[in-house]
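The structure under discussion appears below in the form of structure tokens.
The values are calculated or read from the model by the stated rules, or taken from the named source; none is laboratory data. Every value quoted in this text rests on a predicted model; they were computed, and no experiment measured them. Note that each Cβ is placed from the backbone with ideal geometry, even for glycine, and that neighbours are counted across all protein chains shown.
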Ligand code: ADP
Ligand code: TRP
């Protein structure tokens with residue numbers, strides 16, 4: 001299929017720091033896989049990121065870092081349009097228009113808002129209207145498919161509702177986007193067994209150094225069963241990670257867990273080697289790209305032009321339909 005006839009896939013990534021293996025299995029690797037089947041649009045959600053990162057040099061560094069991460073993972077600029085959200089001002093205009101069709105009680109039901117409110121945080125308006133901006137990201141490119149982690153499913157639902165609301169109010173304009181969620185690894189557990197997340201400090205960094213990986217694996221929390229005791233693989237944090245990294249020997253590990261005879265130390269040793277084998281080539285590729293940052297800047301500029309041309313045409317239609325001109 002030529003890139004023009006492929007269906008459109010789109011996803012955004014916030015520039016919030018170093019990715020971990022949860023990000024990789026839950027979201028990042030999908031973009032690389034999907035670029036064969038879809039015409040992918042992947043962008044750095046720097047405007048969303050501004051809710052948290054309020055320092056210019058940090059914003060620049062983290063935004064560029066995300067682009068480098070994806071290129072290292074195999075995102076191919078000849079197949080995927082890679083761009084910065086803030087290079088497309090039409091997104092923020094559409095976000096305003098969608099906001100006028102959205103009620104406050106509706107947005108107050110969003111998980112992200114409720115979580116922030118439960119923590120009794122002073123929530124900024126940007127956090128409150130986060131799902132509206134995200135809907136604009138998606139709808140402005142006519143995206144059919146949006147690969148995201150499970151926790152973003154509600155945001156996709158909101159985007160679909162907004163497309164429908166606009167369509168019934170002003171006439172058929174937007175496509176309802178579908179989410180693609182990889183159910184089998186929907187949530188990757190961290191070294192303490194909770195969801196792996198930057199905010200829990202329980203991550204294994206995707207491009208980590210050997211030392212970091214060794215330390216993270218050593219820190220995986222287990223119960224105190226002795227090596228010879230039978231163990232339930234489904235209740236063990238090490239085994240949960242074997243499912244991702246030790247697929248070739250998984251039945252053997254599982255059998256030894258159930259029969260007894262595999263200690264947590266041995267299990268960790270095996271896991272550590274598998275994670276190192278996985279991470280090392282990715283880390284080397286990333287370092288090579290880091291040595292040629294001007295190429296990365298050029299890829300982002302070119303991607304921005306392609307994405308913006310499409311956004312201008314779409315917003316033009318929206319402006320006409322809403323009577324803004
Ligand atoms: P974090 O929880 O570390 O702050 P983000 O919220 O930045 O991660 O998530 C970025 C993307 O990675 C999202 O699409 C999210 O669904 C996915 N993701 C994050 N953590 C995990 C996890 N433990 N398992 C699966 N997917 C995850
Ligand atoms: N909210 C997404 C996240 O936290 C990032 C994002 C912003 C996004 N805009 C998007 C994802 C549009 C998919 C489509 O991971």
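Any chance segment 158-176 includes a residue that's within 16 Å of ligand 1 (Cβ to nearest atom), in the same structural domain as residue 86 (by TED's automatic domain parsing) and surrounded by fewer than 18 Cβ atoms within 10 Å (Cβ to Cβ)?
So far as segment 158-176 goes, no, none of its residues is within 16 Å of ligand 1 (Cβ to nearest atom), in the same structural domain as residue 86 (by TED's automatic domain parsing) and surrounded by fewer than 18 Cβ atoms within 10 Å (Cβ to Cβ).
Counting only residues that are crowded, with 22+ Cβ neighbours inside 10 Å, give me the helices (runs of 4 or more DSSP H) lying completely in segment 107-154 with at least 1 of them.
Values: elements: 111-118, 125-128, 130-139.
Fully inside segment 107-154 and qualifying: 130-139.
Identify, by number, the condition in (1) within 14 Å of ligand 1 (Cβ to nearest atom); (2) free of Cβ contacts under 8 Å to residues at least 60 places away in the same chain that residue 195 doesn't meet.
Result: residue 195 fails condition (2) only.
Let me spell it out: the conditions are (1) in a loop (DSSP other than H, G, I, E, B); (2) more than 13 Å from ligand 2 (Cβ to nearest atom); (3) within 24 Å of the chain's Cα centre (by Cα), and residue 213 meets all of them except one. Which number is the exception?
Going through (1) in a loop (DSSP other than H, G, I, E, B); (2) more than 13 Å from ligand 2 (Cβ to nearest atom); (3) within 24 Å of the chain's Cα centre (by Cα) one by one, residue 213 breaks only (1).
If the requirement is being without any contact (Cβ under 8 Å) to a residue 12 or more places away in the chain, within 23 Å of the chain's Cα centre (by Cα) and not assigned by TED's automatic domain parsing to the domain that holds residue 139, which of these qualifies: 251, 281?
281 is the lone residue from the list that is without any contact (Cβ under 8 Å) to a residue 12 or more places away in the chain, within 23 Å of the chain's Cα centre (by Cα) and not assigned by TED's automatic domain parsing to the domain that holds residue 139.
Would you say residue 65 is away from ligand 1 (no atom under 14 Å from the Cβ), part of a helix (DSSP H, G or I) and either without any contact (Cβ under 8 Å) to a residue 60 or more places away in the chain or surrounded by fewer than 17 Cβ atoms within 10 Å (Cβ to Cβ) (or both)?
Judged against the criteria, residue 65 is not a match.
Residues 148, 188: which one is touching a residue at least 40 places away in the same chain (Cβ under 8 Å), within 30 Å of residue 307 (Cα to Cα) and within 16 Å of ligand 2 (Cβ to nearest atom)?
On the way: 188 fails: within 30 Å of residue 307 (Cα to Cα).
Going through 148, 188 in turn, the sole match is 148.
Regarding residue 82, is this residue at pLDDT 90 or above, touching a helix residue (DSSP H, G or I) at 6+ places or on another chain (Cβ under 8 Å) and over 27 Å from residue 245 (Cβ atoms)?
yes
Kindly check whether there is at least one residue in segment 11-21 that is surrounded by 19 or more Cβ atoms within 10 Å (Cβ to Cβ), assigned to a loop (DSSP other than H, G, I, E, B) and over 14 Å from the mean Cα position of the chain (by Cα). Explain how you work it out, then say what you get.
Filtering segment 11-21 for residues surrounded by 19 or more Cβ atoms within 10 Å (Cβ to Cβ) gives 11-15, 19-21.
Remaining after also requiring assigned to a loop (DSSP other than H, G, I, E, B): 14-15, 19.
Those left that are additionally over 14 Å from the mean Cα position of the chain (by Cα): none.
Within segment 11-21 (the criterion being surrounded by 19 or more Cβ atoms within 10 Å (Cβ to Cβ), assigned to a loop (DSSP other than H, G, I, E, B) and over 14 Å from the mean Cα position of the chain (by Cα)), the answer is no, since none of the residues qualifies.
Among the residues of segment 142-175, which ones are more than 18 Å from the chain's Cα centre (by Cα) and farther than 23 Å from residue 108 by Cβ?
Correct list: 142, 167, 170, 171, 172, 173, 174, 175.
Please state which of the following conditions residue 179 fails to meet, knowing it meets all the rest: (1) in the same structural domain as residue 100 (by TED's automatic domain parsing); (2) within 15 Å of ligand 2 (Cβ to nearest atom); (3) not in a strand (DSSP E or B).
(3)
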